[in-house]
1. Given the conditions (1) farther than 27 Å from Glu171 by Cα; (2) modelled with pLDDT of 75 or more; (3) of a type in the set (Gly, Ala, Ser), report the number of the one that Gly67 does not fulfil.
2. Provide a single number: the residues in region 397-413 that are over 22 Å from His209 (Cβ atoms) and assigned to a strand (DSSP E or B).
3. Can you tell me which residue among Gly117, Gly67 is on the phi > 0 side of the Ramachandran plot and surrounded by 13 or more Cβ atoms within 10 Å (Cβ to Cβ)?
4. So in region 42-55, with the set limited to residues that are open to solvent by 30 Å² or more (accessible area, probe 1.4 Å) and not in a strand (DSSP E or B), which one is modelled with the highest pLDDT?
5. Please go through region 304-317 and pick out each residue that is open to solvent by less than 20 Å² (accessible area, probe 1.4 Å) and at pLDDT below 85.
6. Just one of (1) of a type in the set (D, E, K, R); (2) in a loop (DSSP other than H, G, I, E, B); (3) touching a residue at least 60 places away in the same chain (Cβ under 8 Å) trips up Glu461, so point out which.
7. Within the group Phe198, Phe151, Phe157, Phe221, which residue is of a type in the set (Phe, Trp, Tyr) and free of Cβ contacts under 8 Å to residues at least 60 places away in the same chain?
8. What do you reckon, is Lys89 open to solvent by 60 Å² or more (accessible area, probe 1.4 Å) and in a loop (DSSP other than H, G, I, E, B)?
Amino acid sequence: MRECDAQEEGGPKCYPEQWYCDGYPDCHDKSDEPPTCQRACLESEFVCKSGKCLPRAYLCDGQNDCGRLPSGLRDLSDEDPAICKTSLKCDQNEYPCAKTPQCVPLSKFCDGKVDCGDGSDEHTMCHVEDPKTAEQCEYGAAMTIDGVKCFCANGKFVNSASRCEWVNRCERGKMGLSPVCSQGCEDYKNGTFRCSCFDSRLKLMNGTHCVADEKAAHPSFAILTPKEMYIVQKNSMTNFSSMPRPLGKTGAFVIVHEHPDFAAESKIPVLCVTESPSPNSSLVTCGTVSSPSIVKSYAVDFDLPAVRIMRFDVLGGNWIFSDGQFYVVLCKHEKKRIVNCATISSVGTMKDLVYDAVNGQLFVADGDMFHQGAIWRIDVATAPGAPGVRHRLTTQSTDTPAIAIDPFTEFLYYVDSASNVVRAISYNGTDPRIAVGGQIANQIKFMDFADGKLILVLKDERIFVVDTLNPDWKNWQELTPPTNGGAPKSILAVQHFQTGEHLWKRGKSKCKCDGICVSSSRSCLCRDGLAAKGSKCLEPLSNDKFLVLAQLRPSRVQILGLQEDGNAQSVGIPAILGARRPSALTFDPKQRRLLIFDRQRHSLMVQRLAEPDNFTLHGLAGVVNCEGMAYDHTADNLYMTDQARRLIVVARLANLNVQRIIVSGNMSNPRAIVVHVEKSYLFWGSWNEHENREGWPAMIERAKLDGSQRKDLKDAIKAEWDAITETELTMLVARMPNRVIKVI
């Protein structure tokens, strides 16, 4: 550790060794960045005039990212008009230099001291006076190379009538500055303002911060470690070491305040984790750290081991699940089950996810390589039947490990690792500003927001509370759990809590819905496969043709109606979520049943279309990895390919224990298969996505239903083209699921 600010009030301060000469002044006396510091930027980075290194994506993005020069002036070199081909935007009472990307206060023009890098503030016209123009200036006039310009005292700006007008203090956020109120703000146009709280139950602390307890110096929040939970409340920290479930073997977890089934224990947040006690069960188990013997489990219809992120919507009573890569799913909470799941959106590589229950919006930090890192807003229910509309909030590539939201002012905070700052941006992607600067921003791994303050968890497991109205690090509060002489405790999550926090805007009334209620818009979402009509989810429609789709993530089978023009539409049949890893499926037209191979459980799942919530599982001994199934309903025979054993087996559906191998050997990996009942033919494809060391090419083969007369389809076409028509062959190959092998 190093020491700085010895002469400052409250000093000296200590800072980590890695902050020394990192290009970001963290001390008031700037002793951590002496003139002797020498750093080299990467070739792929832009070098600011101050020496700071920036990703080139930050050039000309309309935001000043280079910080300040040693003189205290802003370094605007990343928005240099010569590079960006645009004019430089300066603050009130400032004016741009002629050739260098600098904004200098008008009061410093022609004062005998050079402030512009090109010297244009001390130009040859400084001795010329223009009394006529100067008389029009209310406060002060400065001679620039473009003529006389008026300026005002601090806190005022020159309006269109060349008069000095008070700056609207309530709009500081729009100017890229720290706000003056944590919630509502009214400017009196005389240099003064008044803060207010959107939630009438809150109180104003220091005239600026809306808080539930004005005696508390910081928000109430929970700190989760692998073996303990710490509750920070009323200026004290309480340790709970009895966990309802041990962490480490579980998948996702979430801290829930005001869980609907733990009313008596509502003062202490509830810990919920995902569990899979057996291959056939997926549970979300919740319990309190204050009473660990009180545990409640909720069955979930779909496969939970793949879930990496879990959140709970207290206002709507909904669960949010994501695997962090492919999907975000919203599910309805009931007393014993989590049901009616609807896929909200697909994602890339998710770094973090937060949900605004008041406004019904998801915010995702996406690290997907194709998007090059972005922050997205996902509107959960913008219109009936149209969930998951996405809006990109950041324009430049952003590496963001953590995000947090303020639903009161509708601002989002995100860590910008590339420029080592925490930025704030409105829900619409406007009014960006730097909320926290300095090297510490690059050390953040988790983040939360409450009462106008950010709760930051650093990579070294320290926790700080930062006032976003006054982010000076001298005012930061450290609230790290005690180590008692041991190693720092690994922090898994932080979560603020406040009783009735989400009720200020929507109240306690809930929408009437037989699906998933999104409280923010009083609208309904229906489970995958159903369509909403008002507060109702449509009943199944009659349809003669169906399109059946199996999906691994999230594990589900969708059934759509196939129209004459080839378009698919919802027919009111809910998606089937019971299959853990559906790798093959076929259809029984006689009894209108879906036959699905569940790879995770090595079982055959039999599902009737008329009973989407009821299915039966049948073990398939000997079948290891099936990617193709075909059913002959006339003989009750089920044909299955097995990649692992490189063979094709047939079994009687009424007795799956009796199996017969009909084709084996001389192929790579058998995959898709179809049956032509009238001609008594099987067609299957075999290929390997990896290098085929055994030399078997990708091919489509044909054989009789008993496995005899096996031939490569190319040879079969040459020898017996009249045995099958081209139309029938095209139809059969098109039926093969998952992949096109080759065109013949």
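The values are calculated or read from the model by the stated rules, or taken from the named source; none is laboratory data. Every value quoted in this text rests on a predicted model; they were computed, and no experiment measured them. Methodologically, a virtual Cβ is constructed for each residue, glycine included, from the backbone with ideal geometry; neighbour enumeration extends over all protein chains shown. To get the accessible areas, we keep the full protein, side chains included, count just its heavy atoms, and leave off ligands, DNA and RNA. Shrake-Rupley method; radii C 1.70, N 1.55, O 1.52, S 1.80 Å.
1. Condition not satisfied by Gly67: (1).
2. Selection size over region 397-413: 0.
3. Gly67
4. Once the filter is applied, the top-ranked residue is Lys49.
5. Leu304, Leu315, Gly316
6. (3)
7. One residue alone meets the criteria, Phe151.
8. Criteria met by Lys89.
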